[in-house]
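Worksheet: one structure, shown below.
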Amino acid sequence: MELTETDIDAIETKAAGPAGSLPLTDEMLRNSPSGHLFGLSQNVGMGWQPNKLNGKQVLMLSTQGGMKDENGNPVALGYHTGHWEVDMLMKEAAMEVHRAKGVPFSAYVSDPCDGRSQGTTGMFDSFPYRNDAAKVYRRLIRSLPTRNAVVGIATCDKGLPAMMMSLVSMHDLPTVLIPGGVTLPPAQGEDAGKIQTIGARYSNDELSLKEAAELGCRACATPGGGCQFLGTAASSQVVGEALGLSIPHAALAPSGQDIWKEMARKSSRAVLDMIEKEITTKDIITNESIENAMVVHAAFGGSTNLLLHIPAIAHAAGCDIPTVEDWIEVNRKTPRIVSVLPNGPDDHPTVRAYLAGGVPEVMLHLKELGLLNLDVMTVTGKTLRENLEWWEHSSRRNQMKQRLWDADQIKPEEVIMSPERAKERGLTSTITFPVGNLAPEGSIIKSTSIDPEVIDENGIYYHKAKVKVFTSERKAIKAIRNGEIKKGDMMAVTGCGPLGTGMEETYQLTSALKHLSYGKYVTLITDARFSGVSTGACIGHIGPEGLADGPIGKLKDGDVVEVYVDTHNLTGHLHFLGTEDQPVSPEEGREILEHRVQNPDIQPSEKLPDDTRLWAELQKVSGGTWKGSVYDVDRIIKVLRAGEKALEKEQVTVDSK
């Protein structure tokens, strides 16, 4: 006989319902949509007091994941530390709305972890997830028609760009972004970037089993926040603040700490003030603020993935989408002045960049150089110029810097440097965009991350060698772990763009090369993308991708490839030059590749989800990766209609025969 754990006789079939009455008026009953009226019933049904229903409604969206008990202990894990503590930010922000007699709502769309899915088919969903999440966030915002403002709370690689895309598309609403902050590094151990190489280092006898196990246990030293390096998560936080979408000195705050919670409360106050002042998102996100974000990104030396996300944010905001030429111009004129993981020269964790002054401190230096649009509006209701004037003379600025010295004995000017000091230390601009017969549409290399030992006195990285071709990341990492890659090798990994794998992130390759003793002497070229913490002579985003008839997909083992990167002038090329027995010029190489057939081993992964296949085709029609891999709805509809007509014509021809 089946037994139950509960008293069936205790089951209730009716309840009294909330006490009191709704604050209805004659005008509301006659003219309001029924959904507005039923929403009030729902609100009191959830326990909200009827006499407090008329406050300003603030919708709070977050990437929260996992579940805790009343003591904060895990009941169910999240995907990553980045979304593990954002429920605390949500609560702080909501309580501030309470205090202002407003009505907060909350909803959640969690996000994946690129670190967790490295080297797995889970990576096939990573980049496409961003567009899906942004779409769901937008639907959630529109599905609460009575909201007066929106607050977005997010931390990491895809959830945060998705959140920004959704917020900036709400042109006529006040919106504020609350960045989820960063985790702390272990007092003794390795950061979350380096720790992802323990498999490759152990396989190459550069780490013991005991060392790998102990280091891996300590890497995420605190339970919340994005990784400790300036990867995609931290770079996205920096960009959000640079856009004016976050309050000053919000990005990179240490997760879970009081200063982090204070930022959430101030952000709620900011969005409530925006409601009163009738400031909306379209007042903040403009072509000028997009340019500011690009400049600050360059000054920090941010992740190359932001070259995918900033164009998508601009598209959502209805602004001009930055071109490759725009990126080149920004990176040429903007000095890199932040010394932080993974670029160095000193590997400071992101929390030190926060204490050294964070985004506003960097912006003060950029202001002196005349690189910023200072009259843009921000979520504070003040211009960027006014915000920076406050920061320059604030006690907070001095207290933060003093805390950095007291805690770590680090001078703030050694983390965020003056342009003159940065030049003395050898910091160079961030990103170079090599072209050539292997990359006619362009490519990306984070030139700051090439090991200085392989760059000559003129800032040139040069490598010419026979190429070893791999048609999947799995085959390439196997070759590294088996010792098949040697000092001086040239690796080409193709078939890994949007059409092949959803444009997977290949961090397990780049991190292995970074942390293996011979890795600095190996060059990697690929049509995939890189992690924000990737380092080394690694060239990605090569276009067209191999599966789109790109030249990289026609390379053969033994072909000679030449890589040239000028890290000072940010120019470079990537050429196929024939073979050792039959060398050719770049022009001759281009003609040879045009007549070659695609490598037959390059195929879309058999495990590529249909969701990702559809995303890949839609973003391709919309302009591809160099347009941010967005959905250009007008263009997609045009192509679909043309396709329908072509199919109809084809059917008529068949029928006539």
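For the reader, a short list of remarks on this structure follows.
- The apolar share of the surface of the stretch 429-497, taken as the fraction of accessible area on carbon and sulfur atoms (1.4 Å probe, ligands and nucleic acids excluded), comes to 47 percent.
- Cα centroid separation, the stretch 546-562 to the stretch 93-157 (Å): 39
- Greater than 19 Å apart at Cα, pairs in K466/K556; K401/K446; K56/K101: K401/K446
- Relative frequency of Cα-Cα separations exceeding 45 Å in the chain, percent: 22
- Nonpolar atom fraction for the stretch 174-283, defined as the carbon and sulfur part of the 1.4 Å probe accessible area, stands at 50 percent.
- Globularity ratio of the stretch 15-73, using Cα Rg and 2.2 N^0.38 Å: 1.53
- Calculated on alpha-carbon atoms, Rg and Dmax of the stretch 339-428 in Å: 13.7, 38
- The stretch 33-106: C-alpha pair distances exceeding 16 Å, %: 59
- Note on the stretch 1-80 and the stretch 460-529: Cα centroid distance 52 Å, given to the nearest whole angstrom.
- Kirkwood analysis of the stretch 125-261, using all unique Cα-Cα pairs, places the hydrodynamic radius at 16.6 Å.
- At the residue level, K282 shows approximately 120 square angstrom of accessible surface with a 1.4 angstrom probe and all protein chains present.
- For the stretch 375-471, the orientation-averaged shadow of the C-alpha convex hull comes to 12.1 nm² (one quarter of the hull surface).
- Most to least packed among 61-72, 562-573 [average Cβ atoms within 10 Å]: 562-573, 61-72
- When each of the peptides 313-323, 31-41 is scored by how many other beta carbons lie within 10 Å of its residues on average, the order from highest to lowest is 313-323, 31-41.
- The charge dipole of the chain, taken about the Cα centre with unit charges on the Cβ atoms of Lys, Arg (+1) and Asp, Glu (-1), comes to about 820 debye, rounded to the nearest 20.
- Cα-based Rg and Dmax for the stretch 536-657, where Dmax is the largest Cα-Cα distance (Å): 19.4, 64
- Taking all protein chains together, W48, W260 sort by accessible area into W48, W260, largest first [probe 1.4 Å].
- A simple spin-label model places pseudo-atoms 7 Å from Cα toward Cβ; at L647 and Y108 they are separated by 4.0 nm.
- Space enclosed by the convex hull of the alpha-carbon atoms of the stretch 86-157, per residue, Å³: 83
- If only the Cβ of Lys and Arg carry +1 and only the Cβ of Asp and Glu carry -1, the dipole of the stretch 99-192 around its Cα centre is close to 640 debye.
- Here, P(r) means the percent of Cα pairs in each 5 Å bin from 0 to the largest distance; for the stretch 429-582 it is 2, 10, 22, 25, 23, 13, 4, 0.
- Dimensions (Å) - the stretch 423-492, Cα atoms, principal axes, largest first: 41, 29, 20
- Paramagnetic label reach from E329 (point 7 Å along Cα→Cβ; backbone nitrogen cut-off under 20 Å): within the stretch 562-581, residues 569-572.
- CD proxy at 222 nm, helix term only [per DSSP H run n ≥ 4: -39500 (n - 2.57); per residue of the chain; nearest 500]: -12000 deg cm²/dmol
- Convex hull volume of the C-alpha atoms in the stretch 281-409, normalised per residue: 110 Å³.
- DSSP assigns beta bridges within the chain; of those with both partners inside it, close to 45 percent run antiparallel.
- By accessible area with a 1.4 Å probe, ligands and nucleic acids excluded, highest first: order of T471, T494: T471, T494
- Dimensionless Rg over Rh [the stretch 129-178; C-alpha; Kirkwood]: 0.94
- Heavy atoms of R397 accessible to a 1.4 Å probe, total area in Å² rounded to 10: 50
- Using the alpha-carbon positions of the stretch 256-341, Rg (one decimal) and Dmax (whole number) come out as 15.8, 42 Å.
- Scaling against 2.2 N^0.38 Å puts the C-alpha radius of gyration of the stretch 196-244 at 1.59.
- A dipole drawn for the chain from +1 and -1 charges on Cβ atoms has a positive end, and of T183, L513, G546 the residue lying farthest that way is T183.
- Placing +1 on the Cβ of every Lys and Arg and -1 on the Cβ of every Asp and Glu, with no other charges, gives the stretch 210-328 a dipole of roughly 520 debye about its Cα centre.
- Kyte-Doolittle at least -1.0, axis length at least 30 Å by Cα - qualifying DSSP helices, the chain: 633-656
- Annotation: per residue accessible area for the stretch 499-657 equals 48 Å², rounded to a whole number [probe 1.4 Å, protein chains only].
The values are calculated or read from the model by the stated rules, or taken from the named source; none is laboratory data. Keep in mind it's a predicted model, so treat the numbers as computed, not measured. Virtual Cβ from ideal backbone geometry, glycine too; neighbours counted across all protein chains shown. Ligands, DNA and RNA are excluded from the accessible area calculation, which covers all protein heavy atoms including side chains. Shrake-Rupley method; radii C 1.70, N 1.55, O 1.52, S 1.80 Å.
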